[in-house]
Amino acid sequence: MRLRFLAGDVWVGLRRNLSMAVSVVLVTMVSLYLLGLGLLAQRQADAMKGYWYDRVQVSVFLCSRGSLQPNCGGLPVTEDQKATIKAQLDEMKPLVKQVFFESEAEAFQRFSEQFKNSPLAGNISVGDIPSSYRVQLSDPTRYEIVASAFENAPGVASVQDQEKVLKKFFTVINYVTLFAVIVAGLMVLCSTLLMATTIRQAAFSRRREIGIMRLVGASNFAIRTPFIVEVLIAALAGAGLAVGLLWATVHFIFYRYLTNIVLNQALISAQDVWAITPYLLGGVVVLAVVTATVTLWRYLRV
């Protein structure tokens with residue numbers, strides 16, 4: 001088949017079924033945009049995991065005056081107990097990467113800076129937040145070793161692991177990602193059905209031309225190729241628009257907006273959009289070709 005004749009047939013088909021072609025473009029755009037958001041959300045979660053897990057700390061909170069924990073007895077930690085806890089932490093190297101001591105005054109100052117715009121700041125005074133040892137682990141997943149060593153130890157009020165809080169946060173992100181992917185899957189199904197309907201309508205509107213091509217001995221490939229190319233063009237146009245929307249979302253919302261609010265965070269960038277683009281384009285090509293081939297095999301037997 002000559003390329004010029006193929007291009008002419010495709011142009012005629014798109015012009016005759018312009019409204020259906022535009023519908024395929026829009027539905028494909030929405031479905032791939034949602035799918036892309038799901039993939040980007042997962043990449044964002046992975047980036048944040050790597051960022052935060054490198055900074056995960058185990059906080060060994062020490063007894064303060066009036067502590068209600070049984071092993072504190074309402075008494076503050078003694079200097080000997082502090083020295084014993086510090087020595088035990090030093091013995092846990094290389095699991096324990098770094099140890100920082102935070103006094104009650106330093107804890108209050110840090111809280112005041114982090115929550116300076118919150119009503120909670122006015123309700124906290126020096127001594128309400130106990131002193132603690134901030135322990136950074138070389139392997140955050142081995143938190144239980146530190147916890148078991150210091151739980152209910154003399155002078156220790158409690159042991160808190162930031163990883164448990166982060167796990168809940170990332171679990172929520174994973175559920176949001178899953179929801180976005182499920183919605184995207186439904187939209188892809190709608191796009192597939194719309195592609196099939198478009199092909200059937202196009203074949204019906206050109207039934208006379210198809211009959212003439214049969215009489216002159218045109219091959220199955222020659223008859224079916226224009227329909228496949230039409231759907232492929234519409235699907236790729238929708239995919240291109242979806243990639244453009246994803247780039248705009250990342251560039252304007254993440255790069256220009258969120259980076260000004262959340263400083264020093266691991267946020268996705270336009271590079272992540274280009275990383276998933278081949279999968280989106282490849283997927284839509286396979287979807288369009290398979291849908292068109294199956295539909296033509298069922299409704300355009302030659």
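The values are calculated or read from the model by the stated rules, or taken from the named source; none is laboratory data. Everything numeric here is computed off the predicted structure, so don't read it as measured data. FYI the Cβ positions are ideal-geometry reconstructions off the backbone, even for glycines, and counts take in every protein chain you see. Only protein heavy atoms, including side chains, enter the accessible area calculation; ligands, DNA and RNA are left aside. Shrake-Rupley method; radii C 1.70, N 1.55, O 1.52, S 1.80 Å.
Hey, can you tell me all the residues within the range 83-128 that are modelled with pLDDT under 80 and under 17 Å from Cys63 (Cβ atoms)?
The first filter runs over the range 83-128 and keeps only residues modelled with pLDDT under 80, leaving 110-128.
Val126, Gly127, Asp128 - these are the residues of the range 83-128 that are modelled with pLDDT under 80 and under 17 Å from Cys63 (Cβ atoms).
Hey, Arg224 hits all of (1) at pLDDT below 80; (2) over 24 Å from Arg200 (Cβ atoms) but one; which does it fall short on?
(2)
Tally the residues that are surrounded by 18 or more Cβ atoms within 10 Å (Cβ to Cβ) and either among the small types (Gly, Ala, Ser) or at pLDDT 75 or above (or both), restricting the search to the range 44-58. If you could, list the steps in order and put the result at the bottom.
Our first condition is that a residue be surrounded by 18 or more Cβ atoms within 10 Å (Cβ to Cβ); within the range 44-58, this holds for 44-45, 48, 52, 56-58.
Now restrict to residues that are either among the small types (Gly, Ala, Ser) or at pLDDT 75 or above (or both): 44-45, 58.
Result for the range 44-58: 3.
Quick one: how many residues across the range 63-83 are surrounded by fewer than 15 Cβ atoms within 10 Å (Cβ to Cβ) and among the hydroxyl-bearing types (Ser, Thr, Tyr)?
1
Need the failing condition index for Leu281 against (1) at pLDDT below 80; (2) open to solvent by 40 Å² or more (accessible area, probe 1.4 Å); (3) farther than 21 Å from Asp46 by Cα, just the number.
(1)
With respect to Val290, is the statement that it is at pLDDT 85 or above and open to solvent by less than 30 Å² (accessible area, probe 1.4 Å) true? Before the answer, list the steps.
Numbers: at pLDDT 85 or above: yes; open to solvent by less than 30 Å² (accessible area, probe 1.4 Å): no.
When the stated conditions are applied, Val290 does not pass them.
Output the number of residues of the range 131-157 satisfying the condition of being touching a residue at least 60 places away in the same chain (Cβ under 8 Å), in a loop (DSSP other than H, G, I, E, B) and under 36 Å from the mean Cα position of the chain (by Cα).
Of all residues in the range 131-157, those touching a residue at least 60 places away in the same chain (Cβ under 8 Å) come to 131-137, 140, 143, 146-147, 149-150, 152-157.
Imposing the further condition that a residue be in a loop (DSSP other than H, G, I, E, B) reduces the set to 131, 152-155.
Adding the requirement that they be under 36 Å from the mean Cα position of the chain (by Cα) leaves none.
Adding up the residues that qualify gives 0.
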